Amino acid sequence: MLFYEIKVHYQRQTGEDNPGAVKETYLVEGLTCADVENRLMEEIKPLIFGDCEVVSCKKAQFYDMLTSPEASNWYKARVELITVEDNGKETRKAVTILVQATTMEFAFKNLKEKMSNLDYEVISLQKSPILEVFRAVD
């Protein structure tokens, strides 16, 4: 399965006030953009007040996804994996890892714990606009 990053604009009930326009990003696992767009619309249907527009749908490639059930924020870590060949030549491969955490400090700590058995260098760690991740339904 692939992951798709979908950006949507829609009217959402925000507390007791009138509906407000929101722009949100979701990550949905599926086979095609059409599949994941339909799935996302079903998931967020209770939140929508009025029209909903899918602004973009693009493949998102992640080397790994580190989840933390109690956390609500997502961070994108850009990491270089370092391997040394038998001939002593060093190879670096840049990958993106999605990390769920409550704060950036916890995201970095989680990343360090999960990657402790690998040689790597963190290039960047930034908060992602992803609001929620929907995995494929078994």
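Please verify whether Gly20 is out of contact with any Leu (no Cβ under 9 Å at 6 or more places or on another chain) and on the phi > 0 side of the Ramachandran plot, treating the condition exactly as stated.
no
Which numbered condition in (1) within 16 Å of Pro129 (Cβ to Cβ); (2) in the same structural domain as Lys7 (by TED's automatic domain parsing) is the only one that Ala71 fails?
Unmet for Ala71, out of (1) within 16 Å of Pro129 (Cβ to Cβ); (2) in the same structural domain as Lys7 (by TED's automatic domain parsing): (2).
Restricting to region 106-138, what's the tally of residues that are of a type in the set (Phe, Trp, Tyr), within 25 Å of Thr83 (Cβ to Cβ) and in contact (Cβ under 8 Å) with a residue 40 or more places away in the chain?
Number of matching residues: 1.
Among the residues of region 62-70, is there at least one that is within 22 Å of Leu2 (Cβ to Cβ) and aromatic (Phe, Trp, Tyr)? Give the derivation first.
The first filter runs over region 62-70 and keeps only residues within 22 Å of Leu2 (Cβ to Cβ), leaving 62-67.
Remaining after also requiring aromatic (Phe, Trp, Tyr): 62-63.
Looking for residues that are within 22 Å of Leu2 (Cβ to Cβ) and aromatic (Phe, Trp, Tyr), one finds at least one in region 62-70, hence yes.
Filter region 26-85 down to the residues that are hydrophobic (A, V, I, L, M, F, W, C), within 18 Å of the chain's Cα centre (by Cα) and closer than 30 Å to Val122 by Cβ and list them by number.
Within region 26-85, Leu27, Val28, Val36, Cys57, Ala60, Phe62, Met65, Leu66, Ala71, Trp74, Ala77, Val79 meet the criteria.
Mind checking which strands (runs of 3 or more DSSP E) fall wholly inside region 1-120 and carry at least 3 residues that are closer than 21 Å to Ala136 by Cβ and of a type outside the set (D, E, K, R)?
Strands (runs of 3 or more DSSP E) meeting the threshold: 2-12, 20-30, 48-60, 90-101.
Taking the condition of being among the small types (Gly, Ala, Ser) and farther than 18 Å from Leu27 by Cα, how many residues in region 64-106 meet it?
Initial filter on region 64-106 (among the small types (Gly, Ala, Ser)): 68, 71-72, 77, 88, 94, 101.
Subset that is farther than 18 Å from Leu27 by Cα: 88, 94.
Final tally of qualifying residues: 2.
Considering only region 106-122, how many residues are surrounded by 10 or more Cβ atoms within 10 Å (Cβ to Cβ), out of contact with any Phe, Trp or Tyr (no Cβ under 8 Å at 6 or more places or on another chain) and not aromatic (Phe, Trp, Tyr)?
Here is the first cut: in region 106-122, the ones surrounded by 10 or more Cβ atoms within 10 Å (Cβ to Cβ) are 106-112, 114-115, 118-122.
Add one more test, that the residue is out of contact with any Phe, Trp or Tyr (no Cβ under 8 Å at 6 or more places or on another chain), and what stays is 106, 108-112, 114-115, 118-121.
Those still in the list that are not aromatic (Phe, Trp, Tyr) too: 109-112, 114-115, 118-119, 121.
The qualifying residues number 9.
Considering only region 102-138, state which residues are of a type in the set (Asp, Glu) and under 17 Å from Ser72 (Cβ atoms).
Glu105, Glu132
Here is a check on your reading of the model: is Ser124 assigned to a strand (DSSP E or B), within 17 Å of the chain's Cα centre (by Cα) and assigned by TED's automatic domain parsing to the domain that holds Tyr10?
no
So that you can scan it fast, the table gives a plain yes or no per residue for (1) in the same structural domain as Glu105 (by TED's automatic domain parsing); (2) surrounded by 17 or more Cβ atoms within 10 Å (Cβ to Cβ):
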{"position": "Tyr26", "(1), (2)": "no, yes"}
{"position": "Glu42", "(1), (2)": "no, no"}
{"position": "Leu47", "(1), (2)": "no, no"}
{"position": "Val84", "(1), (2)": "yes, no"}
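Okay, residues lined up against (1) farther than 21 Å from Trp74 by Cβ; (2) of a type outside the set (A, V, I, L, M, F, W, C):
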{"residue": "Ile6", "(1), (2)": "no, no"}
{"residue": "Gln11", "(1), (2)": "yes, yes"}
{"residue": "Ala21", "(1), (2)": "yes, no"}
{"residue": "Glu24", "(1), (2)": "no, yes"}
{"residue": "Thr32", "(1), (2)": "yes, yes"}
{"residue": "Val36", "(1), (2)": "no, no"}
{"residue": "Lys45", "(1), (2)": "yes, yes"}
{"residue": "Phe49", "(1), (2)": "yes, no"}
{"residue": "Ser56", "(1), (2)": "no, yes"}
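The values are calculated or read from the model by the stated rules, or taken from the named source; none is laboratory data. As the structure is a computational prediction, the values presented were derived from the model and not from experiment. Every residue, glycine as well, gets a Cβ built from its backbone with ideal geometry; the counts of neighbours run over all protein chains shown.
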